[in-house]
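K.L.:
Dropping a structure here in structure tokens format, bear with me for questions.
The values are calculated or read from the model by the stated rules, or taken from the named source; none is laboratory data. Since the structure is predicted, the reported quantities are computational estimates derived from the model, not experimental observations. Because the Cβ atoms are built from the backbone with ideal geometry, glycine has one as well, and the counts that use them run over all protein chains shown. Side chains included, ligands, DNA and RNA excluded: accessible areas come from the protein's heavy atoms. Shrake-Rupley method; radii C 1.70, N 1.55, O 1.52, S 1.80 Å.
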Amino acid sequence: MSEPRILLFDSGMGGLTVASAVAKQLPDAHLVYSADNAGFPYGAWKEQDLSKRIVKVLGALIARVKPDVVVIACNTASTVAMKELRETYPVPFVGTVPAIKPAAAMTKSGIIGVLATPGTVNREYTHSLIHTYAFHCKVFLHGAPRLAEIAEQKLRGHKVDMDELRNEIMPVYRKRDGGRTDVVVLGCTHYPLLVDEINEVAPWAVTFIDPAPAIARRVADVAEETKLQPPINDVPAHGTVILTSARGEASETLTAYGAMGFPKHEVLDLPV
Ligand code: DGL
């Protein structure tokens, strides 16, 4: 029986948190990771430009990898381009959106924090998740301008500036009517990479919601429901990362990908 070929996509290294969960769930799957490092970070892009960019980049990646399933392991991309992607390409997509529904079910204080990129925070999609699932909660939604970049720097082996980190996260730690934030949604796939450091600077302990395990279960279900293609030669090998700019070929970046299960790489040059 052939195993599913799965293409994971993010603007950078954040989707590796999802890739690890998928690798655990489906240990024999053929995994190819892709990072639009030419367009990173996505957080500050204008909605329409970003959506066009993502549809274009995914077109090139799908042609190269010929995946059975595509995982958009990026909240900023999923909340802006999922509909267009599904309308444009016939392959099944699994997306990543802020885990507001489980947070609302889990909070005891009724006070939830959502940490995400500025783009995700501005999306209609995110606001509608809050209105639908967390209307009975107080939700502090914060667009952290630098957190994804800080996570990438950490993976490249640089020291995290703890003061800067504290400034990025503090807006979701709030007190209200005798209660305080008890659940924080990690609404960007980069952020689980910083949980240890966030815990060090946070004013009190909270429960973090990292949606990666739930996404991995969904990927397994979709792969099972999908008619898999027969094995094809000339697609990137399992454990390959595809970059959209040769800028990402810096050795510290490639070492970081290698350590997370993607020791091979290729560049599909797609300038912004
Ligand atoms: N990892 C991405 C997300 O889940 C976005 C990071 C960025 O490009 O700013 O939203």
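K.L.:
Counting other C-beta atoms within 10 Å, and keeping those with at most 10, which DSSP coil chymotrypsin sites (Phe, Trp or Tyr not before Pro) do you find in the range 126-218?
P.N.:
Qualifying residues, ordered by number: 135, 204.
K.L.:
Could the peptides 67-75, 229-237 be put in order, highest first, of the mean number of other beta-carbon atoms found within 10 Å of their residues?
P.N.:
Descending packing order for the listed peptides: 67-75, 229-237.
K.L.:
Give the span of the chain's Cα atoms along each principal axis, as three whole-Å numbers ordered largest to smallest.
P.N.:
The Cα atoms of the chain stretch 62, 39, 35 Å along the principal axes, largest first.
K.L.:
Label-point separation (nm) for residue 105 and residue 44, each offset 7 Å from Cα along Cα-to-Cβ?
P.N.:
Label at residue 105, label at residue 44, 3.8 nm between them.
K.L.:
Report the equivalent ellipsoid semi-axes for the range 228-271 in whole Å, largest first, defined as the square roots of five times the eigenvalues of the gyration tensor built from alpha carbon atoms.
P.N.:
They are 22, 14, 6 Å, listed largest first.
K.L.:
Going 7 Å from the Cα of residue 266 toward and past its Cβ, which residues in the range 15-40 have a backbone nitrogen under 17 Å from where you end up?
P.N.:
From the range 15-40, the list is 30-37.
K.L.:
Leaving out ligands, DNA and RNA, what percent of the accessible area of the range 1-81 is carbon and sulfur, probe 1.4 Å?
P.N.:
C and S fraction of accessible area: 54 percent.
K.L.:
Give the shape of the range 89-240 as rounded, prolate or oblate, defined through the alpha-carbon gyration tensor: a ≥ b ≥ c are the square roots of its eigenvalues, a/c under 1.5 means rounded, and otherwise the shape is prolate if a/b is larger than b/c and oblate if not.
P.N.:
Judged from the Cα gyration tensor, the range 89-240 comes out oblate (a/c at least 1.5, b/c at or above a/b).
K.L.:
Only helical DSSP H runs with n ≥ 4 go in: add -39500 (n - 2.57) per run for the chain, normalise by residue count and round the 222 nm mean residue ellipticity to 500 deg cm²/dmol.
P.N.:
Result for the chain: -12000 deg cm²/dmol, rounded to the nearest 500.
K.L.:
In whole angstrom, how far apart do the alpha carbon centroids of the range 145-191 and the range 10-73 sit?
P.N.:
23
K.L.:
Taking N as the number of residues in the range 1-102, what value does Rg over Cα atoms divided by 2.2 N^0.38 Å take?
P.N.:
The value comes to 1.03.
K.L.:
With a point put 7 Å past each Cα toward its Cβ, work out how far residue 132 is from residue 233 in nm, to one decimal.
P.N.:
About 4.6 nm separates the two model spin labels.
K.L.:
Which trypsin sites (Lys or Arg not before Pro) in the range 17-60 sit in a loop by DSSP (not H, G, I, E or B) and have at most 14 other Cβ atoms within 10 Å of their own Cβ?
P.N.:
Filter output for the range 17-60: 46.
K.L.:
Additional query: Please identify every one of the trypsin sites (Lys or Arg not before Pro) in the range 113-222 that sits in a loop by DSSP and has no more than 10 other beta carbons within 10 Å of its own beta carbon.
P.N.:
In loop regions of the range 113-222 (DSSP not H, G, I, E or B), the sparsely surrounded trypsin sites (Lys or Arg not before Pro) are 159.
K.L.:
Would you pull out the residues with amide H under 5 Å of residue 141's amide H, same chain only if 5 or more places away, H placed 1.01 Å from N?
P.N.:
114
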